[in-house]
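Visitor: The structure that follows is given in the form of structure tokens.
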């Protein structure tokens with residue numbers, strides 16, 4: 001990744017142009033990693049001030065996020081992204097987030113999505129597949 005000097009006070013929008021430039025230049029791949037709780041005494045779920053030691057639970061790669069080189073500068077892209085909502089709760093039960101903070105996030109994300117869709121005068125819907133959001137993926 002190119003280190004771009006970004007001054008967040010220099011303009012109303014600084015991160016979107018930087019991301020647009022990055023994705024126009026090259027693709028990116030990221031490892032999505034988690035730590036599994038292996039000892040509730042030393043790795044409490046409800047106390048976020050306790051750091052989980054890597055010796056007890058090394059990070060495990062559970063997925064790879066690949067962003068292809070692409071042009072995301074068009075107005076249709078912004079409109080499509082404005083209509084999306086993110087929730088870490090759209091998972092199977094065994095992968096549901098744990099802890100009080102995550103339970104609070106669930107409601108905050110939901111209310112934020114409702115308010116944004118109302119402000120943007122957009123229906124709040126959940127896609128049934130990635131193709132609905134991204135279009136078909138080329139082989």
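Where a number appears in this text, it was derived from the coordinates with a stated rule and is not lab data. If you're wondering where the values come from, they're calculated on a predicted model, not measured in any experiment. Heads up, the Cβs are rebuilt from the backbone with ideal geometry, glycines too, and the neighbour counts pull from every protein chain shown.
Visitor: Out of all Cα-Cα pairs in the chain, roughly what percent, to the nearest whole number, are more than 28 Å apart?
Guide: 38
Visitor: Hey, fewest Cβ within 10 Å first, where do 89, 52 land in order? Intermediate results must be reported in sequence, preceding the final value.
Guide: Working: 89 14, 52 17.
Lowest count first: 89, 52.
Visitor: In whole percent, what relative contact order does the chain give with Cα contacts below 8 Å and a gap of six or more residues?
Guide: Working: 111 pairs, mean separation 28.6, N = 139.
The value is 21 percent.
Visitor: OK, next. If we restrict to alpha carbons, what Rg and Dmax does segment 11-71 come to, in Å?
Guide: When restricted to the Cα atoms of segment 11-71, Rg and Dmax are 17.7, 48 Å.
Visitor: What number, in percent, do you get for the relative contact order of segment 74-126 if the mean sequence gap of Cα pairs under 8 Å and at least 6 apart is divided by its residue count?
Guide: On the way: 22 pairs, mean separation 19.3, N = 53.
In percent, rounded to a whole number, it is 36.
Visitor: How high is the relative contact order of segment 11-71, given as a whole-number percent (alpha carbon pairs under 8 Å, six or more residues apart)?
Guide: Normalised by residue count, the contact order of segment 11-71 is 51 percent.
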